[in-house]
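The values are calculated or read from the model by the stated rules, or taken from the named source; none is laboratory data. What you see is a predicted model; the values in this text were computed from it and never measured. A quick note on method: Cβ atoms are made from the backbone with ideal geometry, for glycine too, and the neighbour counts reach across all protein chains shown. Areas reflect the complete protein model, heavy atoms only, side chains present, ligands, DNA and RNA absent. Shrake-Rupley method; radii C 1.70, N 1.55, O 1.52, S 1.80 Å.
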Amino acid sequence: MAAELDETARAIVADHKGILAADESAGTIKKRFDSIGVESTEETRRFYRGMLFTTPGTEEHIGGVILYDETIRQSADDGTPFPEGLAAKGIIPGIKVDTGAHDLAGFPGEKVTEGLDGLRGRLHEYVGLGARFAKWRAVITIGEGIPTDGCVRANAHALARYAALCQEAGLVPIVEPEVLMDADNSIEVCHDATARTLHTTFDELDSTGVDLEGILLKPNMVISGKGSPVQASAEEIAEQTIDCFVRHVPAALAGIVFLSGGQSEVQATENLNAINQVGGPWPLSFSYGRALQASALAAWGGDPANADAGQAAYAHRARMNALAVAGEWSAELEEAVTAS
């Protein structure tokens with residue numbers, strides 16, 4: 001089992017591939033659809049996600065797709081279940097399994113992710129539906145006096161419990177301890193919060209007996225808060241990120257797939273490219289949601305006649321990010337495509 005998990009984890013990030021995070025909750029995808037004036041219904045969600053999943057050629061750049069509970073039960077226009085269609089293209093299907101971040105009792109302004117109750121049974125059902133990996137997101141907020149050690153420890157413990165249950169069920173766990181970039185903090189404050197979070201998370205994973213070679217880490221980059229008057233350059237983000245991760249992430253890990261955390265599409269690609277130009281002992285890839293989909297969503301606009309345009313926009317972003325994983329992306333490549 002351990003060898004199989006290791007093989008799956010490494011296959012997801014092999015050959016500069018990354019992950020499409022298509023696991024938006026009903027509320028989140030409604031906001032995305034609202035932004036283009038499209039009603040969020042089961043059918044519009046199915047069509048949109050099916051458009052992405054069936055995009056020709058993306059299997060060259062996308063190694064895995066994270067699905068939502070609704071989506072893993074849906075099918076493409078030809079009746080093929082989404083997990084089956086993805087697997088046929090060589091893309092590994094995954095599933096979001098947490099039930100969201102909720103207020104952490106006794107810790108004002110902080111959250112803890114829930115969903116451990118009944119998780120063992122849900123994981124076995126998802127395996128039967130075709131999932132081969134899973135995802136659980138913890139949310140760590142930066143603010144006055146936070147994150148506290150209590151919040152970091154509570155989320156790290158839940159991530160470790162989830163990861164152990166995944167490996168028991170034969171699923172590769174994606175461990176996502178996200179330090180949010182929504183405040184006005186400096187990059188140095190983000191470095192400190194990320195270091196504490198990673199250290200505690202791997203301490204809990206070790207205590208729970210999780211096999212690190214059979215997991216993927218989905219972290220934030222070390223980056224300035226959105227409201228900070230000083231925004232770090234891509235080069236500084238890369239240096240601070242690799243410094244933090246080399247100190248706190250074991251080399252045995254199968255791979256790191258960064259989240260975009262609200263960065264624009266090109267920002268997320270540029271920063272990932274800079275990180276790979278510094279490099280580390282693990283594959284340094286991506287697990288992007290909005291940073292892979294924003295252009296595709298806008299090009300589609302809710303009109304089935306625009307599906308080809310939506311697919312072209314998604315395929316472009318997948319290719320750009322795969323180039324970034326190789327450290328070979330450039331702004332000129334973006335401009336050349338825009339000009340054409």
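Could you state how much accessible area residue 308 has, in square angstrom rounded to the nearest 10, with a 1.4 Å probe and all protein chains kept in place?
120 Å²
Using only DSSP helix segments of four residues or longer, with each worth -39500 (n - 2.57), what per-residue ellipticity at 222 nm results for the chain after dividing by its residue count and rounding to 500?
Numbers: 13 runs with 163 residues, N = 340.
After summing the helix terms and dividing by the residues of the chain, the value is -15000 deg cm²/dmol.
What is the Rg over Rh value, at two decimals, for the chain, using alpha-carbon atoms and the Kirkwood definition of Rh?
Details: Rg = 18.8 Å, Rh = 20.0 Å.
Value, to two decimals: 0.94.
For the pair residue 168 and residue 298, how long in nm is the line joining their label points, each one 7 Å along Cα→Cβ?
4.6 nm
What is the set of long-range amide H partners of residue 140 at a cut-off below 5 Å, with H atoms built 1.01 Å from backbone N?
Close amide H contacts, sequence-distant or interchain: 178, 179, 180.
Just to verify a number: FRET efficiency for residue 184 and residue 26, C-beta to C-beta distance, R0 = 30 Å, to 0.05?
On the way: r = 31 Å, r/R0 = 1.02.
The computed FRET efficiency comes out at 0.45.
What ranking do 259-267, 1-9 get when scored by the average of other Cβ atoms within 10 Å per residue, highest first? If you can, show how the numbers build up before the last one.
Details: 259-267: 19.3, 1-9: 16.1.
Top to bottom by mean Cβ count within 10 Å: 259-267, 1-9.
With a probe of 1.4 Å, find how much accessible area the chain has per residue, and write the answer as a whole number in Å².
Numbers: 13530 Å² over 340 residues.
Per residue, the chain has an accessible area of 40 Å².
With θ taken as phi - 60° and the coefficients 6.51, -1.76 and 1.60, list the Karplus ³J(HN,Hα) couplings across segment 115-125 in order, rounded to whole Hz; mark glycine and proline as x.
Those phi angles translate into x, 6, 5, x, 5, 4, x, 5, 4, 5, 5 Hz.
Quick check: at a probe of 1.4 Å, how many percent of the accessible area of the chain sits on carbon and sulfur atoms?
Working: 6810 of 13530 Å².
On the chain, the fraction of accessible area on carbon and sulfur atoms equals 50 percent.
Under 5 Å between amide hydrogens, which residues at least 5 positions from residue 104 or on another chain qualify, with H placed 1.01 Å from N in the peptide plane?
110, 111, 112
Over its Cα atoms, what ratio of radius of gyration to 2.2 N^0.38 Å does segment 139-180 give? Don't jump to the answer; show the numbers that get you there.
Values: Rg = 12.3 Å, N = 42, 2.2 N^0.38 = 9.1 Å.
Ratio of Cα Rg to 2.2 N^0.38 Å: 1.35.
If you line up the Cα atoms of segment 207-307 on their principal axes, what length do they span on each, largest first, in Å?
For segment 207-307, the Cα spread along each principal axis is 50, 36, 24 Å.
Which whole-number percent gives the relative contact order of the chain, counting Cα pairs below 8 Å spaced six or more residues apart? List each step's numbers first, then the result.
Values: 686 pairs, mean separation 61.5, N = 340.
Relative contact order for the chain comes out at 18 percent.
What net charge is computed for the residues neighbouring residue 71, neighbours being all others with C-beta under 12 Å from the C-beta of residue 71, Lys and Arg scored +1, Asp and Glu -1? If you can, show how the numbers build up before the last one.
On the way: positive: 45, 46, 49, 73, 96; negative: 23, 24, 42, 69, 70.
It works out to a net charge of 0.
Just to confirm a number: summing +1 for Lys and Arg and -1 for Asp and Glu over residues other than residue 32 whose beta-carbon lies under 11 angstrom from that of residue 32, what do you get?
Values: positive: 30, 31, 45, 290; negative: 24, 34.
Charge balance near residue 32 sits at +2.
Each label point is 7 Å from the Cα along the Cα-to-Cβ direction; what then is the distance between the points at residue 213 and residue 114, in nm?
Using points 7 Å along Cα→Cβ, the separation is 3.8 nm.
Relative contact order for segment 195-250: what percent, with Cα pairs under 8 Å and sequence separation of 6 or more? Walk me through the numbers on the way to the answer.
Details: 22 pairs, mean separation 27.0, N = 56.
Relative contact order for segment 195-250 comes out at 48 percent.
Assuming R0 = 35 Å, what is the FRET efficiency of residue 309 and residue 235, from their Cβ-Cβ distance, to the nearest 0.05? It would help to have the intermediate numbers written out before the result.
On the way: r = 34 Å, r/R0 = 0.97.
Rounded to the nearest 0.05, the efficiency is 0.55.
Evaluate the distance, in nm, between pseudo-label points positioned 7 Å from the Cα of residue 328 and of residue 103 along their respective Cα→Cβ axes.
It is 5.2 nm.
I need the peptides 132-138, 178-184, 112-118 ranked by packing, meaning the mean over residues of other C-beta atoms within 10 angstrom, with the highest value on top. Mind showing how you got there, number by number?
Details: 132-138: 24.9, 178-184: 20.0, 112-118: 14.9.
Per-residue Cβ counts within 10 Å, averaged per peptide and sorted highest first, yield 132-138, 178-184, 112-118.
Under a 10 Å cutoff between Cα atoms, tell me which one of 257, 222, 127 has the largest fluctuation in the Gaussian network model of the chain.
The residue that fluctuates most here is 127.
Select from 189, 115, 150 the residue farthest towards the positive end of the dipole of segment 91-248; place +1 on Cβ of Lys and Arg, -1 on Cβ of Asp and Glu, and compute about the Cα centre.
115
So what is the relative contact order for segment 1-129, in percent, with contacts set as C-alpha pairs under 8 Å and at least six apart? Write down the numbers at each step before the final one.
On the way: 143 pairs, mean separation 27.8, N = 129.
Across segment 1-129, relative contact order equals 22 percent.
Nearest-5 percent of antiparallel DSSP beta bridges in the chain? It would help to have the intermediate numbers written out before the result.
Values: 5 of 32 bridges.
That works out to approximately 15 percent antiparallel.
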